[in-house]
Each structure stands twice: as structure tokens, then as C-alpha cells.
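Student: Pasting in a structure now, in C-alpha cells, and then I'll have a few things to ask.
Just so you know, all these numbers are worked out from the coordinates, no wet-lab data involved. These numbers come from a predicted model, not from an experiment. Note that each Cβ is placed from the backbone with ideal geometry, even for glycine, and that neighbours are counted across all protein chains shown.
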Amino acid sequence: MGALIELDGIVRAFGGLRALDGVSLSIAEGEIVALIGPNGAGKTTLVNVVTGVHQANAGSVRFRGEDITRLSPDRIARHGIGRTFQIVQPFPHMSVAENIAAGARFAGGASSLAEAQARARALAAEVGLGDAVDRRAETLTLAKRKRLELAKGLAMRPRLLLLDEVNAGLNASEIDEALTLIRAIAARGITIVVIEHLMKVVLAVATRIVVLHQGRVIADGAPDVVVRDRAVHEAYLGQRYAASLGKVS
Amino acid sequence: MIYLQVLANGVVLGGLYACIAVGFSLVWGVLNVINLLHGSFIVLGAYVAFFSYHLLGLHPFLSAPLAGMLLFVLGFGLQGAIINRVVHAPVLMTLTLTFGLDLLINNAMLVAFKADYRKIVLEPPLGSIALGEVILPLDRVAVMVLALLLTLLLYQLLRLSRLGRAIVAMRMDHDAARLMGINVMRMSAVTFGIGAFMAGAAGSLLSIIYPISPLNSTLFLGKAFVICVLGGLGSVPGAMAGGVVLGLIESFSALWLGPEYAVTVSFVLLIVILAVRPTGLLGKRGFE
Amino acid sequence: MRDWAILAAGVTLFALLPLLGGNYALRLGTIFAMYAVLALSWNIIGGLAGYPSFATAAFFGLGAYASAILAGKSVPMLLAWAAAGIVAATFAVVIGLAILHLKGHYFAIASLVLAEVLRELTNSFADLTGGGMGLNLPVLRWTVGQEAQFFFFAMLVLVALTMIAVLLLRRSTLGFALRCIQQNEDAAVMLGIGARGCKAVAFMLSAVFVGIAGAIYASWVHYIEPGDVFDVLYSVKPLVMVLIGGIGTLFGPVIGAAVFLLLEEAVWRSFLTIHAAVLGGLIVLLVLFLPDGMLGSRKARLVWRG
């Protein structure tokens with residue numbers, strides 16, 4: 001079976017700074033990939049390039065065999081790539097149901113507003129927002145907004161869902177709930193890429209870890225292998241401290 | 001050799017235009033307020049010069065600082081009392097507000113001064129000088145030099161003084177500036193006042209070249225717009241570059257198409273530039 | 001359902017005006033309908049989509065001239081009016097694709113300048129448009145009373161059509177998409193909304209009825225000149241009306257048009273020389289103290305569009 005999404009030699013520069021310096025990556029259906037790396041490694045930039053927010057300066061992105069490198073973000077969304085934002089982006093004055101319905105109607109294949117609304121209510125219940133369905137998004141707490149963000153992404157019925165730091169700002173029990181959701185999403189057959197800082201989350205859900213550092217992939221493989229990788233330690237801790245860890249691959 | 005003359009005309013105009021636009025550019029870039037009153041401020045400055053000349057015998061070049069100070073007070077008051085209240089509102093609101101204020105002030109001018117075009121005719125006239133084949137009317141050259149001087153003074157103020165540093169800080173980030181102890185509300189009023197000062201002084205200088213009437217205010221406002229879009233917002237070099245470019249465009253289009261098309265050409269250019277490169281020639285992103 | 005009922009009731013009541021008033025009342029009624037068309041149209045791009053447009057005068061003048069020129073070439077009046085709408089709509093789509101990617105201030109400026117450019121161009125192409133001398137429209141062989149009634153009903157039909165379009169839009173997927181765009185355009189795009197196309201359609205809708213209104217106006221007054229129909233006030237007044245009534249609401253523009261017209265008539269009669277100042281003062285007070293308008297609320301408030 002071919003890869004779901006293939007990145008080949010992606011370069012993205014801002015002025016003189018190369019945020020992505022030749023990233024190549026191939027993800028198969030059904031994987032749950034954790035994309036990790038120190039701050040400034042280029043993780044969000046990578047997601048932005050894949051979703052069409054930024055144009056790659058070089059390289060290509062193929063999704064289900066089709067070249068999507070130059071497509072606009074809305075077309076990419078309709079192709080089946082969904083994405084959540086690190087800083088949540090709801091439609092503040094619209095209700096939870098309407099927010100989710102937006103995801104269902106435009107990329108998610110609902111053929112009418114009524115159908116989209118119905119799907120939205122069902123999804124809201126699934127992610128635990130059932131009782132907040134008619135409340136305006138701006139009245140929700142951060143944790144609920146994150147779930148709304150997730151529900152919107154799900155409503156799009158994507159093949160690939162990119163989750164950008166869904167757990168930032170959440171407390172321990174909220175994170176556990178988020179984890180359960182992520183597993184449930186994967187169980188629906190959606191391929192997931194999570195950008196994460198919390199190793200606890202990464203190790204709990206990921207089938208594969210990709211490590212980005214200064215715009216390049218420095219490690220890519222099964223979790224227990226990657227966590228022992230020397231280069232990864234050096235990237236996070238610097239050479240001095242990595243050496244003192246004593247776990248060398 | 002007519003091109004050289006047209007070029008010279010354009011550059012001289014340019015210095016003038018820079019002064020017209022720099023106050024407008026500052027307010028837009030720093031406060032994110034499009035001051036639709038700017039044209040009326042310029043005309044007010046011109047009236048100050050007119051009345052000072054006829055009633056006090058004060059030369060327009062000397063009444064420029066006076067006009068500036070009077071307009072500063074007006075601008076400071078307007079921003080402090082009124083415009084400050086809507087700086088956090090959507091774009092639409094501030095635009096509409098300054099439009100309403102301009103209607104008020106323009107109408108007031110019409111009632112007070114009538115729509116008749118006044119002119120200041122200097123006695124004795126300054127004449128012109130010839131540089132090779134190029135003829136330069138001295139009054140325009142003098143205005144250009146003074147306008148540039150004023151603009152450069154502003155530039156130094158922004159770069160070197162504490163006040164200037166505070167204004168630049170606000171331009172970059174209101175909230176950060178507040179955290180640094182800058183009283184944003186008061187600084188906003190000061191900035192708007194400075195913008196008004198430049199407009200008033202420019203109006204005063206212009207009074208010996210352009211006819212003075214409240215009906216001219218949209219003309220100056222339009223030029224200020226185009227210059228800001230051409231040169232980028234909130235920077236003095238931008239206003240100068242934009243001013244010179246507009247001066248050249250107007251001179252050459254007057255030559256090739258006729259003087260009545262100068263305004264149309266500049267507006268069409270405005271739209272084209274906005275469509276293609278909204279950050280202007282010197283591209284400083286002014287709060288998009 | 002309720003909205004349709006309100007519309008039907010409103011139109012019916014309004015249509016009774018000729019029975020109650022003389023020509024002066026009809027004239028006011030015609031102007032009110034025209035103002036309502038302009039305000040409702042503006043609300044589509046300014047309120048629903050959230051793009052503060054100052055292009056209304058451009059569309060109005062364009063429609064007026066398109067119709068007047070065609071009428072001069074013996075095109076039947078109603079056909080000329082329809083053509084004017086098409087011209088305005090086409091212009092909106094073309095220009096829209098060039099400037100709708102701009103945000104906030106830049107879009108406002110670009111749209112404001114459109115009317116100026118069109119005005120100058122109209123002045124220049126004097127052979128076609130009569131230039132600064134203006135353009136006369138064919139005189140209709142009706143009595144004053146008949147003309148008054150005819151144009152009143154013409155504007156009434158137009159405002160009814162506009163209102164129907166607005167109601168349909170509001171409930172449609174496009175209307176939903178525009179609301180999403182207004183609240184968070186980046187998020188909207190990421191959810192698969194083709195923002196560029198949606199905005200262009202909204203801009204086009206905000207132009208078509210305005211263009212027809214300009215055409216009807218031209219036929220009504222029999223003589224137009226550039227400075228008159230491209231007057232920037234035709235861009236600002238609808239905005240003020242919508243502000244009075246409440247941005248983004250359905251019937252706010254209509255209420256606002258009525259209130260504005262009443263104020264305008266009262267002020268014009270009493271304070272002719274300072275009517276601009278009074279309008280300015282009204283605007284200032286409105287922005288400072290009633291930014292949500294009469295029908296609006298915190299809920300409907302515009303999100304900062306920077």
C-alpha cells in the first residue's frame with residue numbers, strides 16, 4: 001500500500017532563515033506519528049507547508065498520490081487534510097454546534113446545513129461537549145475550546161489529521177481525556193500527526209516518532225529506538241548534558 | 001531637455017509632498033488610525049498663514065511653526081478626548097469617526113472662511129533661478145527646502161529623543177510599550193498632535209503655492225494616501241520616497257497625458273500597488 | 001419564517017403610501033427605499049462578510065451612467081436598469097479579485113478610491129458620458145403624479161428584491177461561509193471554505209442592487225453628472241445607516257435608513273449651511289456612544305479585523 005502522504009525535500013525559508021531545510025518524510029495510513037523537536041525546530045512550519053498556509057520554496061508534498069504542493073489551504077482541506085491550531089481558532093460568536101457544522105459542511109461532505117448541524121451535534125456529544133452545544137464558543141474554557149477544535153477537525157472527515165500541541169495549557173486530567181480522544185480518533189481509521197512537547201503523551205499514543213531539529217529530520221522510527229538516539233539527546237540538551245546521560249545508541 | 005525640467009519639477013514637488021504625507025503616515029503607522037482630518041488640518045494651517053500674513057504681516061515661512069503649534073493643540077485635544085476612545089474598535093469605526101469629525105471641521109471652515117479660493121502673493125515675489133536649462137521657481141524651491149528640513153527634524157526627533165523612542169516602541173507593539181511604562185493614551189495624543197503639527201506647518205508652507213480653500217482638503221488627503229501606500233507606513237524615509245515618486249509621477253503624467261489626469265493616474269496607481277504590493281516601496285508592514 | 005412575514009408585512013404597508021400622502025411623501029418614500037437598498041447591500045459585504053467597503057458610490061455612479069448611456073441609445077428603460085445591475089456586478093467581481101485579499105484599512109482605502117477614479121474617468125470620456133456637462137436622460141411623457149408613483153414603486157420593488165436576496169443569503173451555505181470568514185478568516189480557510197470566491201460573490205451582491213438603484217435614480221432625476229452620482233457620501237451614508245440600525249442584523253439597515261432619512265430631512269430644512277457638520281456630529285456621536293446600533297447587541301459586534 002502506498003504512503004498516505006509523502007514529503008520530499010521540503011525547503012521553506014523566511015528571509016535568510018531556513019525554517020525547513022530539506023525535510024523528507026513518508027507516512028502510511030493508520031500511523032500515529034509524533035512530531036517532536038526543540039523550540040524553533042520547524043514543526044509548526046512543516047504543518048503550515050503541508051496545509052498550504054506557507055508555500056514550500058523547494059520540494060514537494062504528495063497526498064494519496066496527488067501533488068498538493070501548490071494548492072490553496074481550502075482546497076487542501078477539502079482533499080482530506082485537517083488541522084488544529086496551537087492557539088485555538090474558533091468562530092467566537094457562533095455556537096459550538098455551528099462551529100463544528102462549519103467543519104462538516106465545507107470539507108466534511110455534508111450536503112446541506114441541516115445535515116451538517118445534525119452531524120455537529122452528534123460529534124459534540126462524542127467529544128464531551130454535548131451540554132455546551134448551543135453556547136457561544138467564546139464562553140468556553142480553554143480545555144473545552146481545545147475539544148471544540150478537535151471536533152471541528154473531525155467534522156471534516158479527514159484522512160489525515162494534524163494536531164498542533166493540543167495539550168498546551170491543559171492540566172493532567174484534561175490531558176488524559178485528550179489522550180482518550182486521540183485514541184478514539186485513530187480507531188476511526190484517521191491517520192494522525194501530533195506535534196507535542198510532552199513525552200508522556202508521545203509515548204502513550206505514538207506508533208512512530210519523528211524528530212525535527214533546525215529544520216531537518218534527525219531521527220525517525222519506533223519510540224523506544226528514538227528515545228535512545230544520541231543525536232536526539234544532543235538536540236534537546238546540548239552535547240555536554242547529552243553525554244552525561246549515558247544512554248548511547 | 002524638457003525631461004530634465006519635468007524631473008526637476010517632480011523632485012521639488014516631491015520634497016513638498018513628503019512633508020504633506022509624513023504626519024499622516026506617522027499617525028497611520030503608529031496609531032493605526034487613518035486620519036481623514038489630515039487634509040483639513042493642512043488647509044487650517046494654510047489659513048493660519050493667510051491670516052497671519054494679512055493681519056500681522058508675518059511671512060508664511062515664519063508662521064509655519066505657529067500653524068504647527070496651533071494644530072498640535074487641536075490634534076492633541078481631538079485624539080485625547082475623542083479618538084482615543086475607539087482605538088481598540090474595528091477599523092471601520094475609526095475611519096467613520098474621523099470622517100465625521102472631518103465633516104464637522106470642514107463645514108465649520110466653510111462657514112467661517114467661505115469657499116472662496118484665497119492666495120498669498122508675496123511682495124516682492126521671489127522669482128526664479130536657472131540651473132542650466134532648468135528653471136526653478138524660487139518660492140517652490142524654498143518651500144521644498146523648508147519642508148524637507150521640517151521632515152528631517154521630525155526624523156531626528158523620532159530617532160534620538162525619548163519621546164521619539166516611545167512613539168517608535170508604540171508602533172511596534174502597543175501592549176509591550178505599555179508594559180515598558182509608556183502611557184499609551186497620552187503618547188497617542190502626542191503622536192496625533194505631531195501629525196497635526198506637520199500638517200499645519202505644511203499647509204502654511206504650501207499657502208504660497210496652492211490656492212487656499214476648504215474645498216482643497218480632499219486633494220491633499222488623497223495625495224497623502226497615495227504617498228503612504230507608495231512609500232510604506234509609519235516611516236519618514238518612506239514618506240520621503242513616496243513623496244518624490246508621486247511628484248515624479250505627477251510631473252511626467254502631466255507632460256504625457258495632460259495635467260488634468262494627474263490625480264487619476266495617482267489613484268489608479270494606488271489601487272494597482274494595493275492589489276500587488278500593499279507594503280509599499282520601502283515595505284514596512286504597517287499593521288495589516 | 002418570521003422574517004419573511006415581517007418582509008411581506010413591511011412591503012405591503014409601505015406600498016399603501018400613495019394612498020396616504022401626496023407627491024412629497026412619495027418622494028421621501030422613494031428616497032427611503034433607495035437608502036434601504038444601499039444600506040442592505042452594504043451590510044452584505046461590510047456586516048456579513050466583515051469587509052468595510054467604501055465602494056458603494058462607485059457602484060451607484062457606475063449603474064447610473066451605464067443606464068443613462070444606454071437610455072440615450074434608445075434602450076428601453078427597464079432593460080437599461082437591468083443592464084446597469086449587470087455592469088455594476090461585473091465590475092465588482094473584477095475589482096474584487098484585485099482588492100479583496102487586502103485587510104482592514106487597506107481594503108477600505110482601495111474601495112474608497114474606486115469612486116474617485118471612476119469619477120475622473122467619467123469626466124474624461126466626455127464623448128460617451130457628457131463629461132463635466134453631465135448627461136440628460138430621456139423625458140417620460142407622464143404627469144408629475146404618475147412619475148412620482150412609478151418611481152416610488154420601482155424603488156419599492158427593488159428594495160423588496162434586495163431584502164429577499166439578503167434573507168436567502170443569510171440562510172444559505174454562502175451566508176454561513178461569510179459569517180465564518182468575518183469571525184476568523186484563517187480558520188475558515190483551514191476548514192475548507194474558499195474564501196476568495198465567497199468574498200467575490202458577496203462583493204458582487206453588494207454591487208448589483210446598488211447599480212440598479214443608481215440607474216433608477218438617474219431615470220428619476222433626468223440629469224446626472226459625475227460629481228453627483230460618484231459622491232463619496234453615497235459610500236458613507238449607507239454605512240452610517242447600518243451603524244444606526246445595527247451592523248450584521250437583518251433589518252437594521254432598513255431601520256437605520258428610515259431614522260437617517262428623517263434626521264436628514266429635519267436637518268436639511270433647519271440647518272442648510274451646516275447640514276454637513278450636523279451629519280458629522282451625528283456620526284461622531286454614533287461611533288462613540290452607540291457602536292452596536294439600535295438592533296445590534298454585544299453578540300453581533302464585529303470582531304477586530306485589524
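Student: Count the net charge of all other residues whose Cβ sits under 14 Å from the Cβ of B:Phe24, scoring Lys and Arg as +1 and Asp and Glu as -1.
Tutor: Neighbourhood net charge equals 0.
Student: Continuing with this model, one more query. Rank B:Val143, B:Val111, B:Ala201 by how far each Cα sits towards the positive end of the charge dipole of chain B (+1 on Lys, Arg Cβ; -1 on Asp, Glu Cβ) and give me just the farthest.
Tutor: After comparing all options, I get B:Ala201.
Student: A further question follows. Provide the FRET efficiency to the nearest 0.05 for the C:Leu168-B:Ile129 pair, computing r from the beta carbons and using R0 = 56 Å. Intermediate results must be reported in sequence, preceding the final value.
Tutor: Working: r = 69 Å, r/R0 = 1.23.
Approximately 0.20, to the nearest 0.05.
Student: Taking the Cβ of each residue in B:Ser161, C:Ser67 as the centre, tally the other Cβ atoms inside 10 Å and list the residues starting with the fewest.
Tutor: By the 10 Å Cβ count, ascending, the order reads B:Ser161, C:Ser67.
Student: Based on DSSP, what percent of beta bridges with both residues in the protein assembly as shown are antiparallel, to the nearest 5?
Tutor: 60
Student: Please list, in order along segment C:53-62, the HN-Hα scalar couplings obtained from phi with the Karplus expression 6.51 cos²θ - 1.76 cosθ + 1.60 (θ = phi - 60°), rounded to whole Hz, x for Gly and Pro.
Tutor: For segment C:53-62, the Karplus-derived couplings read 8, 10, 8, 3, 4, 4, 5, 4, x, 4 Hz, x marking Gly and Pro.
Student: Classify the protein assembly as shown: rounded, prolate or oblate, from the alpha-carbon gyration tensor (a ≥ b ≥ c, eigenvalue square roots; a/c under 1.5 rounded; otherwise prolate if a/b is larger than b/c)?
Tutor: Since a/c reaches 1.5 but b/c is at least a/b, the shape of the protein assembly as shown is classed as oblate.
Student: When DSSP assigns beta bridges and you keep just the ones with both residues in chain A, what percent turn out antiparallel, to the nearest 5?
Tutor: Among the beta bridges of chain A, antiparallel pairing accounts for roughly 55 percent.
Student: For a test of the definition: using alpha carbon positions, the gyration tensor, and the 1.5 limit on a/c, classify chain A as rounded, prolate or oblate.
Tutor: Prolate.
Student: Out of residues 5 or more away from A:Leu161 or on other chains, whose amide H comes under 5 Å of its own, with H placed 1.01 Å from N in the peptide plane?
Tutor: Close amide H contacts, sequence-distant or interchain: A:Gly82, A:Thr191, A:Ile192, A:Val193.
Student: Still on this structure, please answer the following. Can you sort C:Ser219, A:Ser72 so the residue with the fewest Cβ neighbours within 10 Å comes first?
Tutor: A:Ser72, C:Ser219
Student: Next question, about the same structure. Of the residues B:Gly247, B:Gly193, B:Gly80, which exhibits the maximal mean-square fluctuation in a Gaussian network model of chain B defined by a 10 Å Cα contact cut-off?
Tutor: Highest fluctuation among the options: B:Gly80.
Student: Then there's this: Calculated from DSSP H runs of 4 or more alone, at -39500 (n - 2.57) each and per residue, what is the 222 nm mean residue ellipticity of the protein assembly as shown, nearest 500? Kindly include the intermediate steps, with their values, before the conclusion.
Tutor: Numbers: 35 runs with 526 residues, N = 843.
Per the formula, -20500 deg cm²/dmol.
Student: Moving on. Which helices pass in chain A if a helix is a full DSSP H run, must span at least 30 angstrom along its long axis by Cα, and must have mean Kyte-Doolittle hydropathy not below -0.5?
Tutor: None clear 30 Å together with a mean of -0.5.
Student: Follow-up. Pop out the Kirkwood hydrodynamic radius of segment B:16-215 from its pairwise C-alpha distances, inverse of mean 1/r, in Å to one decimal.
Tutor: About 17.5 Å, per the Kirkwood formula over Cα pairs.
Student: Top mean-square fluctuation among B:Val48, B:Val134, B:Val245, Gaussian network model of chain B, C-alpha springs under 10 Å?
Tutor: Result: B:Val134 has the largest fluctuation of those listed.
Student: Still on this structure, I have one more. Would you work out which of C:Phe153, C:Ser172, C:Thr30 lies farthest towards the positive end of the dipole of segment C:2-232, given +1 charges on the beta-carbon of Lys and Arg and -1 on that of Asp and Glu, about the Cα centre?
Tutor: C:Ser172
Student: As I understand it, the value is the acute angle between the Cα axis of helix B:2-31 and the longest principal axis of the Cα atoms of chain B; what does it come to in degrees, rounded to 10?
Tutor: Roughly 20 degrees, rounded to the nearest 10.
Student: Another one. What dipole magnitude, in Debye to the nearest 20, does segment B:16-215 give about its Cα centre under +1 on Lys/Arg Cβ and -1 on Asp/Glu Cβ?
Tutor: Dipole size: approximately 460 debye.
Student: Send over the Kirkwood Rh of chain C, from the inverse of the averaged 1/r over different Cα pairs, rounded to one decimal Å.
Tutor: On the way: mean 1/r = 0.0511 Å⁻¹.
The answer is 19.6 Å.
Student: Now for a separate question. Taking amide H positions as placed 1.01 Å from N in the peptide plane, with prolines and chain starts having none, which residues 5 or more places from C:Leu295, or on another chain, fall under 5 Å of its amide H?
Tutor: Placed amide hydrogens put C:Gly246 under 5 Å from C:Leu295.
Student: Roughly what would the spin-label model give for A:Ala222 and B:Leu55, points 7 Å off Cα along C-beta, in nm?
Tutor: According to this spin-label approximation, the distance is 9.2 nm.
Student: To the nearest 0.05, how large is the calculated FRET efficiency for B:Tyr3 and B:Val272 if R₀ is 22 Å and r is the Cβ-Cβ distance?
Tutor: 0.40
Student: Quick one: grab the alpha carbon gyration tensor of segment C:149-306, order the square roots of its eigenvalues as a ≥ b ≥ c, and give me rounded if a/c is under 1.5, else prolate or oblate depending on whether a/b is larger than b/c.
Tutor: Working: a/c = 2.05, a/b = 1.37, b/c = 1.50.
Here segment C:149-306 falls in the oblate category.
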